[in-house]
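A quick write-up on the structure given underneath.
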Amino acid sequence: MDTLLVFLSCLVTALSSISSQAEARAFFVFGDSLVDNGNNDYLATTARADSYPYGIDYPTRRATGRFSNGLNIPDLISEKIGSEPTLPYLSPQLTGQNLLVGANFASAGIGILNDTGVQFLNIIRISQQLAYFQQYQQRVSALIGPEQTRRLVNEALVLITLGGNDFVNNYYLVPYSARSRQFALPNYVVYLISEYRKILVRLYELGARRVLVTGTGPIGCVPAELALHSRNGECAVEIQRAANLFNPQLDQLIIQLNSEIGSDVFVTANAFEMHLDFISDPQAYGFITSKVACCGQGPYNGIGLCTPASNLCPNRDLFAFWDPFHPSEKANRLIVDTFMTGSTKYMNPMNLSTIIALDSRT
């Protein structure tokens, strides 16, 4: 009898772990260095985070290709939805059962436009990320069949983060850049939004049905821009103007696409407002500064890259920015908490908790 009880309890445990894996939805990530989990480590590019002190607070204490001292936004979203962290699509470990968790296609340096980030050489442009998503679905079909694959993709959560590099690594990269000669800033933003529309429509065509779309943060306030343009710690006016033009038009695009589809497929995550909260009042969020990066050199630690030779703060949780461009893990946690519970000021038309509750009923 005892043996039978042990057997039954083992069976129940095994079945519950299988069902919890089935309930944990797949997660797909597209975009740039804010969400890259290490794809660029497999590429010949200068846009990489594969050496100390990157990853100094990651569980393994090693650099993983994430542009963070520890976990990044996709890692923290995975935690919230009860999934394992997604592997980079180029990782050799992304095979078999690991494929069912989802995949991260993001690549540091890319933008909405194909000419963004050309100085980084070999990066996975957004068109290629979408092509890899299609390839991913073929690989999963071979594993679980086309019908189950379609269901896995339709029920998945998707995150896409694009736009910042189209300004800092394209339009404003050098004085009189090709794009700034071609377009006045308002017209450039209109062009970016029209190109972003094509990307989002393609994501929908490939089966995405729950897509978090982050606008660009207050890019004029990052330490890299303060180092170049700020005398007294004030944000760079011209680059802030770009973000202030881009984000409202992205909001309108999302409303328009959802209206055309007849469903709330796309959800805007207002990264600008989320970042601005702790940039405006860092102390309220437990930071000592939102101007100086933890790792870097020069004014505001904002010049160049974070390297073993850089200044490095002893307590990363006290800094809103980890390096000249990227938030610290602590800041990423605050951002993802807002994804989960934020009002429509931050998450429109609904936050991630609402999405999870709605989708668990269907």
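The values are calculated or read from the model by the stated rules, or taken from the named source; none is laboratory data. Keep in mind the model is a prediction, meaning the values are calculated, not measured. Please note: Cβ atoms are built from the backbone with ideal geometry, for glycine as well, and neighbour counts cover all protein chains shown. The area values use the complete protein model at the heavy-atom level, side chains included, leaving out ligands, DNA and RNA. Shrake-Rupley method; radii C 1.70, N 1.55, O 1.52, S 1.80 Å.
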Per the C-alpha gyration tensor (a ≥ b ≥ c, the square roots of its eigenvalues), the stretch 163-240 is rounded if a/c is under 1.5, else prolate if a/b beats b/c, else oblate; here it's oblate
The summed charge of the residue 352 Cβ neighbourhood (under 11 Å; Lys/Arg +1, Asp/Glu -1) stands at 0
Hydrodynamic calc, the stretch 116-227: Kirkwood Rh from Cα pairs, then Stokes-Einstein at 4 °C with viscosity 1.567 mPa s, so D in µm² s⁻¹ is 80
By accessible area (1.4 Å), largest first, 306, 235 order as 235, 306
Taking r as the C-beta separation of residue 251 and residue 150 and R0 as 41 Å, the FRET efficiency to the nearest 0.05 is 0.85
If unit charges are put on Cβ atoms (+1 for Lys and Arg, -1 for Asp and Glu) and the dipole of the stretch 27-360 is taken about its Cα centre, the option from 59, 148, 216 lying farthest towards the positive end turns out to be 148
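Assuming R0 = 25 Å, can you tell me the calculated FRET efficiency for the pair residue 84 and residue 341, based on Cβ-Cβ distance, to the nearest 0.05?
Step by step, r from the Cβ atoms, then E = 0.60.
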Taking the square root of 5λ for each eigenvalue of the C-alpha gyration tensor of the stretch 27-360, the equivalent ellipsoid has semi-axes, largest first and in whole angstrom, of 29, 23, 20
Within the stretch 132-239, DSSP-loop GluC sites (Glu not before Pro) with at most 14 other C-beta atoms within 10 Å are 155, 234
In the chain, lysine pairs 8 or more places apart or on different chains with C-alpha atoms under 28 Å apart total 6
Scoring only Lys, Arg, Asp and Glu (+1, +1, -1, -1) among other residues with Cβ under 13 Å from the Cβ of residue 132 yields +3
Of the accessible area of the chain, computed with a 1.4 Å probe and all protein chains kept, carbon and sulfur make up a percent value of 56
Under a 1.4 Å probe, counting only protein heavy atoms, residue 83 has an accessible area in Å², nearest 10, of 20
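What number comes out for accessible area per residue over the stretch 27-360 if the probe is 1.4 Å? Units Å², please.
Averaged over the residues of the stretch 27-360, the accessible area is 40 Å².
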Between the modelled labels at residue 198 and residue 62 (7 Å from Cα along Cα→Cβ) the distance in nm is 4.0
